[in-house]
Amino acid sequence: MKKRAVVPNIILSLLCILCVAPFILLVIASLTDENELIVHGYSFLPKKWSITAYVYLIQQAAVIVRAYGITILVTIAGTCVGVMLVSMLAYPLSRKDLPYGKVLAFIVFFTMLFNGGLVPTYLMYVRYFELKNTLWGLLIPGLLVNSFYVMIMRAYFVSSIPEAVIESAYMDGAGEFMIYIKIVMPLAVPIVATIGLFVGIAYWNDWYNGLIYITDPKLFSIQNVLNRIISDAQFLSSSNLGSTVNSAAVSLPTTAVRMAIAVITIMPILIAYPFFQKYFVRGISIGAVKG
Amino acid sequence: MADGKAVALKRKKRVKLKRYFMLYLMMVPGMVYLIINNYIPMFGLYLAFKNIDFRKGLWGSDWIGLKNFEFLFKSTDAFIITRNTILYNLAFIVINTFLAVMVAILLNEIVKVRRVKIYQSLLLLPYLISMVVVAYLVLAFLDNKGFINSAVITGLLKRKSGISWYSEAGYWSLIIIFVNAWKNIGYLCVIYYASIIGISVEYYEAAKLDGASMIQQIRFVTIPLIRPTIITMVLLSIGRMFYSDFGLFYQVPMDSGALYTATNVIDTYVYRALIKLSDIGMSSAAGVYQSVVGFVVVLCSNLAVRRIDKESALF
């Protein structure tokens, strides 16, 4: 049995290298001397290393710190509010005794089958809610309440919170809201944490809302800054948000800077990954069971 | 007596109302969000039948019936985006399913739990990051002086010059398929692995007693037993046949115009028509086309899921 596992181990190791190698190339490219990149190109073993790209980014720190602040703010707010709304929607729907429960569940569920698409959504948010170039534009459209998560959480409530517990608390005089806060939520910590993780990652990684609803660089999240720089490497110095360093005098290490800012964007999530990967894997399997 | 009964019944009803009122109240914020974010735009689909003129307002614009659709389907774009959307999805389904099942079977051969966890985490790494970052990773390989050009094509193969990847559409169907597999196989693999480890050891022991080889065990035990999961996952993807991952087709090719024949799908077409060209007529017509056909497809695929495995059906 153990002898046979050699081949699977080799293949899996190769696949893992394939998954990780691009990240390593990215980091190395960000640490490669700009001239080296221009003349010899990207390499896993550059002849000349350099940290100029990072020095330049520190000079332009204002833009990046600001964008990071916006990402963190939107991620925290979106995750907290999102999880709250999802659980407050999922719990009543999990109650078999709730009148019209089935109809309400269908209203939630139907949004997974049919949607109006980008055009009406965009026109509504921009023309009636005036979300364009506000932080709400990053926070609200699309991401806040995901009906799929409502369904998963509802299934969890149905299967792991005994009706008897709720009924006896009610007999003891607890109101429905108190039951939800004091009994249901503590029992639902695993699912709340898992869904919170997925909502949080969705906000952290989101660039789509920024692409559509934000044109003012002051409100760019870190993903939007990244998105802009890939086509416009001058963005950091040209946007009037940056420091007053005279960038015309400094030759801009364009290629390495691009890679460096991508590294800075993924660093926090890569550092945090070992700590939450268990929940990440588990969350994906939950989705599979009920998906 | 009868009066007393009626009063008691009434009181019971009132208590019930009071009790459930709180539950309904809890649902209000979430429901309001879904109504705004999901239901109002559904009604907005009718914009596709109007000649939108902002001076007249969205509701006041002139009704033009199917004119927008006529324009859309007379253009070559309609054919290209439909073809690309469907063919890419088909390729993704076949290739990703095959690879993910293979990798899950390999994972199942690994005895050490710690090792399985490490493999899973690394395979999932691409799934964790945003498409913008993926675009940077791809750029590091495909830039004019990227790794492929400098190390492989001019370095290893000794060609005189590299390929300018971002202006040659010919390669992009393969690049897109590869990047999609790279990003999503970890996710699918976790799902199939979860299904495989649910298989009772007894089946394998019985197979071994009958002298089944490793390959035979995979073919006659593993695959048949995870077939419901495979079929469900495939049908769910078929349900999304008319939709695509916007980031994959917009960010990864860096929105390069030269690549549109290979990278334009319905989602990117709607976005470009709306945001870049401000052509509400065309974009909303394409949007309705996607919503309606997508709805029919998802209904049909779910009907199929139900017939195979009622538990896994969406409804």
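The values are calculated or read from the model by the stated rules, or taken from the named source; none is laboratory data. Owing to the predicted nature of the structure, the values given are computational and were not obtained by experimental measurement. Because the Cβ atoms are built from the backbone with ideal geometry, glycine has one as well, and the counts that use them run over all protein chains shown.
Brief remarks on what is shown
- Of B:Leu47, B:Leu139, B:Leu99, B:Leu106, all but one fail to be part of a helix (DSSP H, G or I), at the interface with another protein chain (Cβ under 8 Å from one of its Cβ atoms), in contact (Cβ under 8 Å) with a residue 12 or more places away in the chain and in contact with a helix residue (DSSP H, G or I) (Cβ under 6 Å, 6 or more places away or on another chain); the exception is B:Leu47.
- Positions within the stretch B:181-206 being within 14 Å of chain A (Cβ to nearest Cβ) and farther than 30 Å from A:Gly283 by Cβ, in sequence order: B:Glu205
- Criterion: closer than 30 Å to B:Ile40 by Cα and modelled with pLDDT of 90 or more - qualifying residue of A:Val189, A:Val184, A:Val225, A:Val150: A:Val150
- Residues that are within 9 Å of another protein chain (Cβ to nearest Cβ) and surrounded by 11 or more Cβ atoms within 10 Å (Cβ to Cβ) do not occur anywhere in the stretch B:69-77.
- Within the stretch B:114-136, the set of residues being of a type outside the set (Gly, Ala, Ser) and within 7 Å of chain A (Cβ to nearest Cβ) comprises B:Tyr119, B:Gln120, B:Leu122, B:Leu123, B:Leu124, B:Leu125, B:Pro126, B:Leu128, B:Ile129, B:Val132, B:Val133, B:Tyr136.
- Qualifying residue in the stretch A:162-181 (condition: polar (S, T, N, Q) and either within 30 Å of A:Asn115 (Cα to Cα) or not in a helix (DSSP H, G or I) (or both)): no
- For the stretch A:113-126, residues that are surrounded by fewer than 22 Cβ atoms within 10 Å (Cβ to Cβ) and more than 7 Å from chain B (Cβ to nearest Cβ) total 1.
- Residues in the stretch A:244-258 include at least one that is modelled with pLDDT of 75 or more and closer than 24 Å to A:Ile214 by Cα.
- Pick from the stretch A:127-146, criterion within 10 Å of chain B (Cβ to nearest Cβ) and farther than 26 Å from B:Tyr269 by Cβ, ranking: surrounded by the fewest Cβ atoms within 10 Å (Cβ to Cβ): A:Leu144
- Helices (runs of 4 or more DSSP H) enclosed by the stretch A:33-108 - at least 1 residues per element that are within 11 Å of chain B (Cβ to nearest Cβ) and modelled with pLDDT of 95 or more: A:61-94
- Number of positions in the stretch B:207-247 that are within 12 Å of chain A (Cβ to nearest Cβ) and part of a helix (DSSP H, G or I): 17
- Residue check for A:Ala155: touching a residue at least 60 places away in the same chain (Cβ under 8 Å), over 22 Å from B:Leu274 (Cα atoms), away from chain B (no Cβ under 12 Å) and assigned to a helix (DSSP H, G or I): no
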